[in-house]
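Okay, structure first, notes after.
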Amino acid sequence: ATDGVGNTATATASITYDAVAPTVTITSPAAGTTSDNTPLLTYTASDGSVVVKVDNVIVAKTSGDSLGTLTDGSHTLRVEATDSAGNVGSAEVTFTVDTTPPTLTINPVSTQTNVNSQTITGTRESGATISVSVNTTATVGTVTYSANTWSCAISNLASGANNITVTATDGVGNT
């Protein structure tokens, strides 16, 4: 600009254009099923202010916090970062909490026998792994599976009571 006597003045302004959304990455909890109903929250955001939502509800949590006690079932975690230009970046993960032990049955066995080997059988929750132990020197065979049933041969039963313990473990470690 120039005034009436010829003096000039110059003014400058700087405008920063930012159309890039922040990068958000969630590393914990991972997608899938977990037996941990207080999972650790771990995320990174390249910049901006962060909002954390669990099942679409804002929670006051930051990376490194526990998500708090969650009920069994499916949950969705969303982390959103908004930079100073108003760009929003987000990441989302869906995971399932399962703290329930798997179902297991043992079919009736003969408690008085003169045969030193027996096959025990039962049912199990789909996908559960069965382990068998005996409180004596009896030999526990390999557990075999067919759909939701299992069986296991036990040989060399000791004289007297042979207490058999059967444990089912699901895919996330619940027993």
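A few comments on the model shown:
- Paramagnetic reach from N174 (point 7 Å along Cα→Cβ, amide N under 16 Å) across the stretch 90-114: 95-105
- Counting protein heavy atoms only, the chain has 50 percent of its accessible area on carbon and sulfur, 1.4 angstrom probe.
- Stokes-Einstein diffusion coefficient of the stretch 19-100, Kirkwood radius over Cα pairs, 10 °C, 1.306 mPa s, in µm²/s: 123
- Scattering curve values for the chain, log₁₀ I(q)/I(0), Debye with Cα scatterers, q = 0.10, 0.18 Å⁻¹: -0.64, -1.06
- Other residues with beta-carbon under 14 Å from the beta-carbon of D98 carry, at +1 per Lys or Arg and -1 per Asp or Glu, a net charge of -4.
- Using a probe of 1.4 angstrom and keeping all protein chains present, the accessible surface of the stretch 9-147 works out to 61 square angstrom per residue.
- Environment charge of G89, counting only residues whose C-beta is closer than 15 Å and scoring Lys/Arg +1, Asp/Glu -1: -3
- Note on D72 and A13: the model spin-label points, each 7 Å out from Cα along the C-beta direction, lie 6.2 nm apart.
- Distant-in-sequence amide H partners of L41 (H built 1.01 Å from N, under 5 Å): G64, D65, S66, L67
- Sites A60 and T38, calculated FRET efficiency, Cβ-Cβ separation with R0 22 Å, nearest 0.05: 0.90
- Charge tally in the Cβ shell below 11 Å around G171, where Lys, Arg are +1 and Asp, Glu are -1, G171 excluded: -3
The values are calculated or read from the model by the stated rules, or taken from the named source; none is laboratory data. Since the structure is predicted, the reported quantities are computational estimates derived from the model, not experimental observations. Positions of Cβ are generated from backbone atoms using ideal geometry, with glycine treated the same way; all protein chains shown enter the neighbour counts. Surface accessibility is based on the protein's heavy atoms, side chains included, excluding ligands, DNA and RNA. Shrake-Rupley method; radii C 1.70, N 1.55, O 1.52, S 1.80 Å.
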